[in-house]
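Contents: one structure, followed by commentary.
The values are calculated or read from the model by the stated rules, or taken from the named source; none is laboratory data. Everything quoted here is computed from the prediction, not taken from an experiment. Reconstructed Cβ throughout: ideal geometry from the backbone, glycine too, with neighbour counts over all protein chains shown. Surface areas here come from the heavy atoms of the whole protein model, side chains and all, with no ligands, DNA or RNA. Shrake-Rupley method; radii C 1.70, N 1.55, O 1.52, S 1.80 Å.
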Amino acid sequence: MNRLSWSALLSATGLLWWQWPQLAPLLPLRGSATAIVVLADNPRRTDAALDLWQQQPEQTLWILGSALLQRASQQQLLRRGLDPSSSWLVALLDGDDTVSQLTSLSGRLPQSIGRVTLITDQAHRDRALAIARQSLGSRAIQVQAPPARQLPFASPPEDPLRLHRDVLRVQLWRISGWDGRELGLWLRRRFL
C-alpha cells in the first residue's frame, strides 16, 4: 500500500473509532430490553426514577452511587412499600463520579439490555447524557433521558467546561480502559 492509502486507511479508522458510540447503538448488537439508570446523588433523582419505574415496572432499575447513597435509596424504596432486594433492582457502588459510575455500568449491563433511560437532575442532565452516550454507546446501548423540565430541579448550573473534560475522560477510557478516577480522588484529597 502506498503512503496515501495508509493515511486514508488510518484516517477512516480513526473517524470510525470516534463515531462508534453514535453508530453502534443503531446496529442490532444487543437485546431489546430496557433499563432505568439513576445517578442517585440526590434523593429527588431516585424519586424521579422510581416514579418512572412504577409506570414501566418491566424495566430493571439500576441505582448508581456510594454505599451511603444506596442506603438512602433503600429507605426511599421502603417508604414506598417496595422491596430493596427485588430482582428488578440492581445497586452499583462502583465509581465516585459520573464518569466512573457510567464506565463501570457499561461493563455490567447484561447483553439483553439495549436501551437505557438515564435519570439525573436538570443541571446535570446534559453532561451525564453526553458521558452515557459515549461510554454506553460504545457498547451499542442506546441512551435517552427525559427532557430537563421533567427532571428534578438542581442549582447551581454546572460549569460547561466539565462536559468537555468528562467527555475527554471517556475517550481516555475507551483508548486505555482507565477512566481517571484515581487521579480525581488524589486531586480532591490534595486540594479540597
**Fill in**
Expressed as a percent, the portion of alpha-carbon pairs in the range 88-165 spaced more than 18 Å apart is 42
**Asked** If you place +1 on the Cβ of every Lys and Arg and -1 on the Cβ of every Asp and Glu, how big does the dipole about the Cα centre of the range 109-153 come out, in debye to the nearest 20?
**Response** 80
**Prompt:** Taking N as the number of residues in the range 1-58, what is its alpha-carbon radius of gyration divided by 2.2 N^0.38 Å?
**Reply:** 1.98
**Prompt:** Looking at the P(r) of the range 13-102, how many percent of alpha-carbon pairs lie beyond 23 Å?
**Reply:** 34
**Asked** Looking at 54, 35, 13, which one has the Cα that reaches farthest to the positive end of the dipole of the range 1-94 (charges on Cβ: Lys, Arg +1; Asp, Glu -1)?
**Response** 13
**Message:** At a threshold of 8 angstrom on Cα-Cα distance, excluding pairs fewer than six apart, so keeping six or more, what relative contact order does the range 1-114 reach in percent?
**Reply:** 28
**Message:** Compute, for the range 74-192, the length of the dipole vector about the Cα centre, with Cβ point charges of +1 (Lys, Arg) and -1 (Asp, Glu) only. Units Debye, rounded to 20.
**Reply:** 100
**Prompt:** With Cβ to Cβ distances under 9 Å as the rule, what net charge do the other residues near residue 153 carry (K, R +1; D, E -1)?
**Reply:** 0
**Request:** Can you tell me the relative contact order of the chain? Whole percent, Cα pairs under 8 Å, sequence separation 6 or more.
**Result:** 25
**Item:** Student exercise, the range 19-144 dipole from Lys, Arg, Asp, Glu Cβ charges, in Debye to nearest 20
**Value:** 180
**Prompt:** Residues of the range 94-108 with amide nitrogen under 17 Å from the 7 Å Cα-to-Cβ point of residue 171?
**Reply:** 99
**Request:** Provide the descending list of Cα extents for the range 40-192 along its principal axes, expressed in whole angstroms.
**Result:** 41, 35, 29
**Asked** What accessible area, in Å² to the nearest ten, does a 1.4 Å probe give for residue 18?
**Response** 120
**Request:** For every other residue with a beta carbon closer than 10 angstrom to the beta carbon of residue 141, add +1 if it is Lys or Arg and -1 if Asp or Glu, then tell me the sum.
**Result:** +4
**Asked** Picking from 13, 98, 60, which is most flexible by a Gaussian network model of the chain using Cα springs under 10 Å?
**Response** 13
**Asked** For the range 55-146, what is the relative contact order in percent, using Cα pairs closer than 8 Å and at least 6 residues apart in sequence?
**Response** 25
**Fill in**
So, with points 7 Å from each Cα along the Cβ direction, the residue 153-residue 112 label distance in nm works out to 4.0
**Prompt:** Using a simple spin-label model with points 7 Å from Cα along the Cα→Cβ vector, what separation in nm is obtained for residue 44 and residue 67?
**Reply:** 2.9
